[in-house]
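Structure record follows, encoded as structure tokens.
Only the coordinates and a few stated rules stand behind these numbers; no lab work does. On a predicted model such as this, the values are computed, not experimentally measured, just so you know. Don't worry about glycine lacking a Cβ; one is built from the backbone with ideal geometry, like all the others, and counts go over all protein chains shown.
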Amino acid sequence: MVHRITAVAWMTFRRLLRSRILMAGAILALLVMGLYSGILIAILAAAEEGDQQEVQALVPMFFHLAVAMFGTVSTIMATIIGVTVLRTDMTSGTIFGVLAKPVSRGEYVAGNWLGGLVAVLILWLVFAVVMGAIASGIGAPLGSLHVAIIASRILMAALSLSAALLLSIRFNAWGAAVLSVLLVNGASVVEQVANIMGALKVDVPEKLVNALAFPFPVTNAFDGLSERLMQSDLAPDSLLPAVAHVVDYALVLLFVAYLFFRRLDLNRSSE
């Protein structure tokens, strides 16, 4: 089983490379990070002058902005991968050849998810290497808090990938992409709506807000990491509950995707 899942994952990853999705994501991420080149230039100038206090003040800001923007790009890439890998195979008929090898539907879903996750991990690996080189060059090497922030962004991308993969079975690419964004950020959307209602003098009971937000993943559990970084508090709190929650939610979505896919009539879906 592991061998077949790995084979499907490798096939998916190669297909993503041929489609140049990874290249497009890397170029977009570099362009976005280039928006903050002014901060990087200021950091290099301060390091050259020996002003370590200025360096220590600017580096957390640059890292925070770079991770935030790259995290957004990686989440978008994960969503695009999730809504296209299964749907493309179903519409092109490629899936029939894969499932005839034989590969079970569960192995096929897991392999596609794993291949997409590897693609996202490679993007983050490149980012981590670049950021590590910059940090070492200016005498401010990355620590455990920086690693924790990057890991939290990878988890959110994996969650988006699971949601997009699940919804692509029932909806077209655009519909699945929009719904996956709403699913992943559902709790934040509920809170924002409640805040807007409060600003309009409409009282929304807290219990109702909590009940509406309950089915959605808690995606703001890692927000405190960036705050600690900006305050130069480099010792992260225990993240085990938040990590377990996101991982569990992503795996549940993947399992539900398998259940839907197992009952799907592929002949009708490929039409």
- Once residue 211 and residue 195 are pulled to full extension, the length gained, defined as 0.36 nm per residue separation minus their Cα-Cα distance, is 4.2 nm
- Message: What is the distance in Å between the Cα centroid of region 92-112 and that of region 192-217?
- Response: 42 Å
- Note on the structure: Quick note on 3, 64, ordering by fewest other C-beta atoms within 10 Å, gives 3, 64
- Query: What share of Cα pairs, in percent, lie more than 12 angstrom apart in region 175-230?
  - Reply: 70 percent
- Message: With 10 angstrom as the radius, rank 160, 152, 74 by how many other C-beta atoms surround their C-beta, starting from the fewest.
- Response: 152, 74, 160
- Note on the structure: By Cβ neighbour count within 10 Å, fewest first, 101, 201 rank 201, 101
- Query: So if we plug the beta-carbon distance of residue 101 and residue 247 into 1/(1 + (r/R0)^6) with R0 = 22 Å, what FRET efficiency do we get, rounded to 0.05?
  - Reply: 0.15
- Message: Using a 7 Å offset from the Cα along the Cα-to-Cβ direction at both residue 147 and residue 122, what is the distance between the two label points in nm, to one decimal?
- Response: 2.4 nm
- Item | Extension gain from residue 170 to residue 188, taking 0.36 nm per residue of separation minus the Cα-Cα distance | 4.1 nm
- Message: Report the gain in length on full extension from residue 30 to residue 14: 0.36 nm times residue separation, minus Cα-Cα distance, nm rounded to one decimal.
- Response: 3.5 nm
- Pairs of Cα atoms under 8 Å, at least six residues apart: use those to get the relative contact order of region 74-167, whole percent. 57 percent
